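The values are calculated or read from the model by the stated rules, or taken from the named source; none is laboratory data. What you see is a predicted model; the values in this text were computed from it and never measured. Here the Cβ positions follow ideal geometry from the backbone for every residue, glycine too, while neighbour counts run over all protein chains shown.
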Amino acid sequence: MIDFDTASFTKLSPWDVQEAYTELTGILLPDEQVLLAFKGIRDSVSFTTRRIVALNVQGLTGKKKDYSSLPYSKIQAFSVETAGTWDRDSELELWFSGLGRVKFNFASGVDVRGLNMLISERLL
């Protein structure tokens, strides 16, 4: 499991959904679709029809990978912060039952309102 207190999920930029699906082959259920995907330098976060999958690439070669599955059903609350004039980054904070707070920082230009809608549709 990724230690979200020290893991760096920062500067996530939009990632091609098909590339994310290919990366997650073997992890996703047969009827599960990738809806939105974001990638940092090595790590990524994919929002599927059933959960959020956080991929942490480890080691020098990047062959070791940690896939953390975060079910929407365990989200208790969430917060979206849009980019401002001086602070161009946006962020998504999620509070999970039994896990605590998970925070994702997105690069400038990412519309987190779409993430807000996706999370809302899955929870409310």
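A few points about this structure:
- Test for residue 89: is it more than 24 Å from residue 24 (Cβ to Cβ) and surrounded by 14 or more Cβ atoms within 10 Å (Cβ to Cβ): yes
- Of all residues in the stretch 62-75, those that are under 26 Å from residue 123 (Cα atoms) have Cβ atoms under 6 Å from Cβ atoms of residues that are small (Gly, Ala, Ser) and not in a helix (DSSP H, G or I), 6 or more apart or on another chain, in 68/54; 74/97.
- When residues in the stretch 43-74 are screened for being in a strand (DSSP E or B) and over 13 Å from the mean Cα position of the chain (by Cα), 5 of them pass.
- The set of residues in the stretch 58-79 being modelled with pLDDT under 90 and aliphatic (A, V, I, L, M) consists of 60 alone.
- Enumeration of residues in the stretch 22-37 that are in contact with a strand residue (DSSP E or B) (Cβ under 7 Å, 6 or more places away or on another chain) and either of a type in the set (Gly, Ala, Ser) or over 21 Å from residue 64 (Cβ atoms) (or both): 32, 33, 34, 35, 36, 37
- Within the stretch 101-108, at least one residue is farther than 28 Å from residue 26 by Cα, surrounded by 12 or more Cβ atoms within 10 Å (Cβ to Cβ) and in contact (Cβ under 8 Å) with a residue 12 or more places away in the chain.
- The single condition among (1) over 12 Å from the mean Cα position of the chain (by Cα); (2) farther than 18 Å from residue 48 by Cβ; (3) buried (at least 18 other Cβ atoms within 10 Å of the Cβ) that residue 95 does not satisfy is (3).
- Residues of the stretch 75-124 classified as within 24 Å of residue 32 (Cβ to Cβ), charged (D, E, K, R) and assigned to a loop (DSSP other than H, G, I, E, B), total: 1
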